[in-house]
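The values are calculated or read from the model by the stated rules, or taken from the named source; none is laboratory data. Just so it is clear, the model here is predicted, and its values are computed rather than measured. Note that each Cβ is placed from the backbone with ideal geometry, even for glycine, and that neighbours are counted across all protein chains shown. Heads up: the accessible areas ignore ligands, DNA and RNA and are worked out on the full protein's heavy atoms, side chains in. Shrake-Rupley method; radii C 1.70, N 1.55, O 1.52, S 1.80 Å.
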Amino acid sequence: MTEDLRTPNAQPETDLVHCGRDSARQFGFVNAPAYRGSTVVHRTLASLDAATRGDPQTADFIYGLLGTPNSRELERLLSTLDHGAGAVVVQTGLAAVHVSIAAHLTHGDHVLMVDTAYGPTRRLCDVVLQRMGVETSYYDPNIGSEIAALIRPNTKLVYMESPGSLTFEIQDVRAISAVARARGVLSVVDCTWAPALFCRPIELGADLVVRALTKYEGGSSDLLLGAVIARSAELTRVVKTYADDLGSLAHPEDCVLCLRGMRSLSVRLKHHEASALRVANWLEARPEVKRVFYPALASDEGHALWERDFTGATGLFSVELHPVAREKIACMLDGMRYLRMGYSWGGFESLIILAEEGKGRTASNWRASGPLIRLHIGLEHVDDLIADLADGLTRLGVP
Ligand SMILES: Cc1ncc(COP(=O)(O)O)c(C=O)c1O
């Protein structure tokens, strides 16, 4: 029995604080310890049999690889927040991408993949799936219901990432999922940019949601973890079985850290959003900046879809600068005080990178003339970040 302090209609902020916790089992302590371990002992054959045959989300534990109280607590919270039937946590966001796709495929199948997918997702398709005899074709992120024309008899899965990596195109998840469902094709959305407080793709019609918990859910840049949240119990079972077969493990210590991060997620997200909006608006008015890619801005091409399907925006966006020599960009980036160069995002700290976008795209046009800079707006005071960026842009030496 899990102690559950939530009311059935609790708001997500309340779920974040209470859902999945079971203090009664922890001698009253608010948080569970990390249940490190491989072996789980049973006293009777009947108990071991019941655990082995039972529902992997609720039956007694069998072996550390197959689940711990920590992974289940996290899965329960994630599926509640996303209004799913179940969730499966795995060791990284990329592992979640992998199991969400490969769990359903066999030799000869076809996948439709968005052209603006996270780079390693694209590599997974072009290298790993290709080697398994699965063909991938790429589509324009703005395709909407016209995806119907690309579905083949052997198409098994349509994969979306919304917003897209680096250029933040918002996809019409409702239209694409509806077409996929009508044709018996699975729909998957990588919705890492917007935690479930801001977007719930299952409610928009998707079958599976991928989340790199490494980012906002963890929130402190000190862990790697991923999750797949499923519309149905059967899809949860298929993904969980595949993850177990691969030996995928969400380490208990990482689950504990992620749960700790998630209890304060709603407060952090509001801060990221408010600061990012201020910085994005400020950048839009700067002479060095040609365009800002941030769906929360009215000028963004995806703004109407973002308003329809999202309730908030996070701290990650890009700007296209007017053409400028690479040495000048180095002057800007090398001298930043707070916005340091580093991959990943979603932690408390602000980050900046020069994005080499466009080279890998095959199904959509990328016509930027200037360099693309991706920013993650963290939890520092926004005035300090704007001052840092103002100094950096001045170092570009644009007259
Ligand atoms: C959109 C998206 N999905 C998945 C991942 C993979 O997450 P991880 O770094 O935990 O493997 C990332 C990482 O940057 C990402 O940006």
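Quick one, could you list the DSSP H helices from the chain stretching 27 Å or more along their long axis (Cα atoms) with average Kyte-Doolittle hydropathy of -1.0 or above?
Helices meeting the span and hydropathy rule in the chain are 265-284.
Amide H of Arg291 versus every other amide H placed in the peptide plane: which residues, excluding those fewer than 5 positions away on the same chain, fall under 5 Å?
The list, which skips near neighbours in sequence, is Glu320.
If DNA, RNA and ligands are ignored and the probe is 1.4 Å, what is the ranking of Arg122, Arg260, Arg183 by accessible area, most exposed first?
Ranking Arg122, Arg260, Arg183 by accessible area, largest first, yields Arg260, Arg183, Arg122.
Averaged over every viewing direction, what's the projected area of the C-alpha convex hull for the chain? Give it in nm², one decimal, please.
It is 20.5 nm².
Run the 1.4 Å probe and let me know the accessible area of Arg76, rounded to the nearest 10 Å².
Counting only protein heavy atoms, Arg76 exposes about 80 Å² to solvent.
Could you give the radius of gyration (one decimal) and Dmax (whole number) of the Cα atoms in the range 21-114, in Å?
So, for the range 21-114, Rg and Dmax equal 16.5, 53 Å respectively.
Straight-line reach from Lys240: which lysines have a Cα under 24 Å away, not including same-chain ones fewer than 8 places off?
Lys156, Lys215
Please give the residues of the range 66-104, grouped as numeric ranges, whose backbone N is less than 15 Å from a label point set 7 Å along the Cα-to-Cβ vector of Met132.
Those under the cut-off are 94-104.
Would you please report the Å³ per residue occupied by the convex hull of the alpha carbon atoms in the range 111-256?
Per-residue hull volume (Cα only) is 123 Å³.
Please give the peptides 61-69, 125-133, 237-245 ranked by average Cβ packing (other Cβ atoms within 10 Å per residue), highest first, as a rough proxy for protection.
237-245, 61-69, 125-133
Whose amide H sits under 5 Å from the amide H of Ser187, counting only residues 5 or more places off or on another chain, with H placed in the peptide plane?
Val158, Asp207, Leu208
Using a 1.4 Å probe on the protein chains only, how many percent of the accessible area of the range 12-263 belongs to carbon and sulfur?
Roughly 54 percent of what the probe reaches on the range 12-263 is carbon or sulfur.
Tell me the relative contact order for the chain as a rounded percent, counting alpha carbon contacts under 8 Å between residues six or more apart.
Reported relative contact order: 16 percent.
For the range 214-309, what Kirkwood radius comes out of the mean inverse Cα-Cα distance, in Å?
When all Cα pairs of the range 214-309 are included, the Kirkwood radius is 16.6 Å.
If r is the Cβ-Cβ distance from Ala233 to Glu356 and R0 is 41 Å, what FRET efficiency results, to the nearest 0.05?
The value I calculate is 0.45.
May I ask you to evaluate 6.51 cos²θ - 1.76 cosθ + 1.60, the Karplus curve with θ = phi - 60°, for each residue of the range 107-119 and list the ³J(HN,Hα) values in order in whole Hz, giving x for glycine and proline?
3, x, 7, 10, 10, 9, 10, 5, 5, 9, 5, 3, x
Taking 0.36 nm per intervening residue step and subtracting the Cα-Cα distance, what contour gain separates Ala330 from Ser299 on full extension?
8.3 nm
Solvent-accessible area per residue for the chain at a 1.4 Å probe radius, Å²?
44 Å²
Given all pairs of different Cα atoms, what value in angstroms does the Kirkwood hydrodynamic radius of the range 265-395 take?
That comes to 15.2 Å for the range 265-395.
Per-residue HN-Hα couplings for the range 26-42, Karplus 6.51 cos²θ - 1.76 cosθ + 1.60 at θ = phi - 60°, whole Hz, x for Gly and Pro?
10, 6, x, 5, 5, 10, 7, x, 6, 8, 6, x, 9, 7, 10, 9, 10
Work out, step by step, the length gained on full extension between Leu65 and Ala182: first 0.36 nm times the residue separation, then minus their alpha carbon distance; give nm to one decimal.
Gain in length upon complete extension: 38.5 nm.
If each DSSP helix of 4+ residues adds -39,500 (n - 2.57) and the sum is divided by the residues in the chain, what number results at 222 nm, nearest 500 deg cm²/dmol?
Estimated from H runs of four or more residues: -10000 deg cm²/dmol.
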